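K.L.:
This is the structure, below, for whatever I ask next.
The values are calculated or read from the model by the stated rules, or taken from the named source; none is laboratory data. Since we're looking at a predicted model, the values are computed, not measured. We place every Cβ from the backbone using ideal geometry, glycine too, and count neighbours over all the protein chains shown.
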Amino acid sequence: MIPEPALPEHPTPLGTRLRDLAAEAPGAPAVSDGDAAFTRDELDRHTNRLARTLAARGVGRGDLVAIALPNTVHHVAASVAAWKLGAVPMPLSARLPAAERDAVLAVARPVVVIDRELPLESADDSPLPPVVGPSWKAPTSGGSTGTPKVIVAGQAACTEHVLARTDGLRIDRDGVFLATAPLHHNAPYMFSLMALLQGHHVVLMQRFDAARTLELVAEHRVTWLYLVPTMMSRILRTVPDAGWGGLGSLRTALHVGAPCPPEVKRGWLARLPRPEILVELYAGTESQASAMIDGRDWLAHPGSVGRITRGHVRITDDEGREVPPGVVGEIWMRPEGAPTYRYLGAEPRARDGWESLGDLGSFDDEGYLYLADRRADMVVVGGANVYPAEVEAALLGHPAVSDAVVVGVPDDDLGRVVHAVVQADPSSGPELGPELEALVAERLSRHKQPRGYTFVDHPLRDDAGKVRRAAVAAALPAR
């Protein structure tokens, strides 16, 4: 069962919030994807019918509803319909290979999986009884061992919980939000729904296109733009200086998900109307704590991800002792109050009430946080996390592979990509490479698949099964 968070005295269900917005401005745009669109009133009525359709399939309060749809208005509608039943929406990639999808569903055990636009089986579009679900979202992630987990948010599906952070994130009332990334990732999913609940017109890109992004900002008078550094880099390389003139409506361009190369950051700051428009957020899906910095502050503290804006953060050495400013250690977080999440399928890395996502970093004397590495083993590919253990497990499915070690290597486009070092049977022959490529293509999403292979005939781990990935990466030939 999903635990019940403490509620305010008179909570406003998320469905009620959207109904009130529809009554306020029924014809105002709510969500569009380039092919289809809902006004506020249309979204409210459509999701009333969709909620009754889901209820007929057994969905009730507290149930997980998996949403494996592309970036369309129907993805957003599915989440809203789940809220109206008190159920918990769980976004999934629509392109997950069957093995990955089955593993996630085995952990989550949702009542329904929505992987296509559902026919509306109810004609009743009247309001449903108000209900507050125990959580407003449950995104999925791979664990540090490569096994899937579900991260159930610790905030109930009420307006008071979900919109508590919108001021800090600059998601104010009645703007226009441009979602550039797939909604199965937590950040674009979360921010899009927050924006919807604040009366924004949520504009979904069905597929990221660098040149089209800035065109959409100008076309829709976008006020809030979501980015990851890979997108920022592609836009810089694709859009000429003359194409940056339509950003006058933009109040916030927020990037998250991976370290941003300084030259990319400076390129954006040079082209935006004002440097304070660009905001960087450092936080995990678990949301125990966060740091933020805008462009003006970053120019004074280049390389920093900002000061702590929520929760508590400490940095320690391997023995758990807090380190002084300027010394790199492991980043540990603790929320200010109630738990901010709950795992299904995993346990947190915890110590004395503090939790770590495995990141390394340091503070300076002014309290600005600097990241030294994302994680010891994890590879961040274009803003998406790749866990080596999962890739290695797929490679070990080939009978000629004795062992495999996966590392990240630099890439001009994505920041880093996956490279596999494979200990193989010497008799396997030159066909092994193509066979491994075919094998991982069946089992792993594209960003997890190795972009290169190095074959060796010596052991990669010691007798205890340990491997020094940094040494493996350093021994690779130049690419």
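K.L.:
Considering only residues that are in contact with a Leu (Cβ under 7 Å, 6 or more places away or on another chain) and under 16 Å from LYS149 (Cβ atoms), which ones fall in the range 60-99?
P.N.:
Hits for the range 60-99 are ALA66, VAL88, MET90, PRO91.
K.L.:
Scanning for something under 30 Å from GLU4 (Cα atoms), touching a Gly at 6+ places or on another chain (Cβ under 6 Å), surrounded by 16 or more Cβ atoms within 10 Å (Cβ to Cβ) and not aliphatic (A, V, I, L, M), does the range 287-308 turn up at least one residue?
P.N.:
Filtering the range 287-308 down to residues under 30 Å from GLU4 (Cα atoms) leaves 287-292, 308.
Still in the list and also touching a Gly at 6+ places or on another chain (Cβ under 6 Å): 288-289, 291-292.
If we keep only those that are surrounded by 16 or more Cβ atoms within 10 Å (Cβ to Cβ) too, we end up with 288-289, 291-292.
Okay, now just the ones that are also not aliphatic (A, V, I, L, M), so 288.
Yes, because at least one residue in the range 287-308 is under 30 Å from GLU4 (Cα atoms), touching a Gly at 6+ places or on another chain (Cβ under 6 Å), surrounded by 16 or more Cβ atoms within 10 Å (Cβ to Cβ) and not aliphatic (A, V, I, L, M).
K.L.:
Considering the range 401-420 alone, what residues qualify as being over 25 Å from the mean Cα position of the chain (by Cα) and within 26 Å of GLY257 (Cβ to Cβ)? Walk me through how you get there before you give the answer.
P.N.:
Step one: filter the range 401-420 for residues over 25 Å from the mean Cα position of the chain (by Cα), giving 401-405.
Hit for the range 401-420 is VAL405, nothing else.
K.L.:
Right, ALA103: more than 20 Å from THR340 (Cα to Cα), modelled with pLDDT under 95, outside any loop (DSSP other than H, G, I, E, B) and in the same structural domain as SER287 (by TED's automatic domain parsing) or not? If you could, list the steps in order and put the result at the bottom.
P.N.:
Details: more than 20 Å from THR340 (Cα to Cα): yes; modelled with pLDDT under 95: yes; outside any loop (DSSP other than H, G, I, E, B): yes; in the same structural domain as SER287 (by TED's automatic domain parsing): yes.
Spelling it out, ALA103 is indeed more than 20 Å from THR340 (Cα to Cα), modelled with pLDDT under 95, outside any loop (DSSP other than H, G, I, E, B) and in the same structural domain as SER287 (by TED's automatic domain parsing).
K.L.:
For ARG19, are the conditions met, namely being assigned to a helix (DSSP H, G or I) and over 15 Å from ALA157 (Cβ atoms)? Before the answer, list the steps.
P.N.:
Details: assigned to a helix (DSSP H, G or I): yes; over 15 Å from ALA157 (Cβ atoms): no.
Considered against the rule, which asks whether it is assigned to a helix (DSSP H, G or I) and over 15 Å from ALA157 (Cβ atoms), ARG19 comes out as no.
K.L.:
Now for a different question. Within the bounds of the range 314-325, is there any residue that is under 22 Å from THR166 (Cα atoms) and of a type in the set (Asp, Glu)? Talk me through it step by step, then tell me what you get.
P.N.:
Narrowing the range 314-325 to residues under 22 Å from THR166 (Cα atoms): none.
No.
K.L.:
Inside the range 419-456, can you point out the residues that are among the β-branched types (Val, Ile, Thr) and touching a helix residue (DSSP H, G or I) at 6+ places or on another chain (Cβ under 6 Å)?
P.N.:
Residues of the range 419-456 among the β-branched types (Val, Ile, Thr): 421-422, 440, 454, 456.
Across the range 419-456, the qualifying residues are VAL421, VAL440.
K.L.:
Within the range 48-73, how many residues are touching a helix residue (DSSP H, G or I) at 6+ places or on another chain (Cβ under 9 Å) and over 24 Å from THR12 (Cβ atoms)?
P.N.:
5
K.L.:
Does LEU254 fit the bill of being crowded, with 23+ Cβ neighbours inside 10 Å and closer than 21 Å to LEU183 by Cβ? Walk me through how you get there before you give the answer.
P.N.:
Working: crowded, with 23+ Cβ neighbours inside 10 Å: no; closer than 21 Å to LEU183 by Cβ: yes.
No; evaluated as a whole, the condition is false for this residue.
K.L.:
Right, something else. Here are some conditions: (1) of a type in the set (A, V, I, L, M); (2) farther than 25 Å from VAL313 by Cα; (3) touching a helix residue (DSSP H, G or I) at 6+ places or on another chain (Cβ under 9 Å). LEU216 meets all but one. Which one does it not meet?
P.N.:
Of the numbered conditions (1) of a type in the set (A, V, I, L, M); (2) farther than 25 Å from VAL313 by Cα; (3) touching a helix residue (DSSP H, G or I) at 6+ places or on another chain (Cβ under 9 Å), the odd one out for LEU216 is (3).
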